[in-house]
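What follows is a set of notes on a single structure, which appears directly below.
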Amino acid sequence: LEGKRLMDEGQWNEAIPRLQKATDLLSTNALAWNYLGLAYHHVGRFDQSFKAYQTALKLDHTMVALRFNLGCLHLDMGNLKTAIDELRTYSLLQPTVADGWVKLGTAQYRARRPDEAEKSFKAALAVQARNAEALNGQGMVQAQRLRWQEAVNCFNAASTYETNFAPAVL
């Protein structure tokens with residue numbers, strides 16, 4: 001619980017020793033392993049994050065949040081196919097969570113699958129119409145298709161809803 005509190009406060013490095021101790025004491029607790037993986041992920045220790053997530057997955061393959069975390073890790077590592085698989089699973093299990101659709105759309109866009117990315121960003125916007133990241137992603141897809149006015153409209157909407165959202169302003 002102390003490790004989770006530190007994570008909630010953004011003190012990722014400080015959380016790791018406490019979460020390591022938790023996984024030593026509660027070695028069959030999938031949530032503890034998931035939190036440890038998340039802390040490692042946030043400090044850029046991807047290999048250790050992957051191992052912790054894999055342990056959590058072995059202990060509880062039904063943990064939905066773990067699919068999102070694994071998908072984000074693979075996205076950050078550039079493993080786009082695996083990221084898409086994990087994020088698709090998460091989004092199908094949690095269709096009303098915009099973040100899952102946004103991350104899935106981002107992975108699909110990076111994998112040069114604009115049709116799929118557009119659908120995912122639209123799904124995110126159906127859940128949360130003012131999601132700046134989804135609007136920006138939708139704008140990137142439109143720009144890739146040389147639909148300049150539609151792209152500009154998406155970027156303007158994103159920067160209207162979140163004035164300091166750097167990707168849309170850029």
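Annotations
- Filtering the stretch 21-57 to residues that are under 22 Å from His74 (Cα atoms) and polar (S, T, N, Q) leaves Asn34, Gln48, Ser49, Gln54, Thr55.
- All positions within the stretch 54-80 that are of a type in the set (Ser, Thr, Tyr) and under 14 Å from Leu92 (Cα atoms): Thr62
- Some residue of the stretch 95-112 being farther than 18 Å from Phe68 by Cα, surrounded by fewer than 17 Cβ atoms within 10 Å (Cβ to Cβ) and charged (D, E, K, R): yes
- Listed by first and then second residue, the pairs with beta-carbon distance under 7 Å, at least 6 apart or on different chains, first residue in the stretch 78-99 and charged (D, E, K, R), second not in a loop (DSSP other than H, G, I, E, B), are Glu86/Arg67; Glu86/Leu70; Glu86/Gly71; Glu86/His74; Arg88/Leu104.
- Close pairs from the stretch 110-132: first farther than 15 Å from Arg88 by Cα and assigned to a loop (DSSP other than H, G, I, E, B), partner open to solvent by 70 Å² or more (accessible area, probe 1.4 Å) and of a type outside the set (S, T, N, Q), Cβ under 7 Å, at least 6 apart: Arg130/Tyr161
- Residues located in the stretch 33-53, provided they are open to solvent by 10 Å² or more (accessible area, probe 1.4 Å), of a type outside the set (Phe, Trp, Tyr) and within 18 Å of Ala65 (Cβ to Cβ): Leu38, His41, His42, Lys51
The values are calculated or read from the model by the stated rules, or taken from the named source; none is laboratory data. None of the values given here were measured: they were computed from a predicted structure. When we count neighbours, we look across all protein chains shown, and the Cβ atoms used for this are built from the backbone with ideal geometry, even at glycine. Surface accessibility is based on the protein's heavy atoms, side chains included, excluding ligands, DNA and RNA. Shrake-Rupley method; radii C 1.70, N 1.55, O 1.52, S 1.80 Å.
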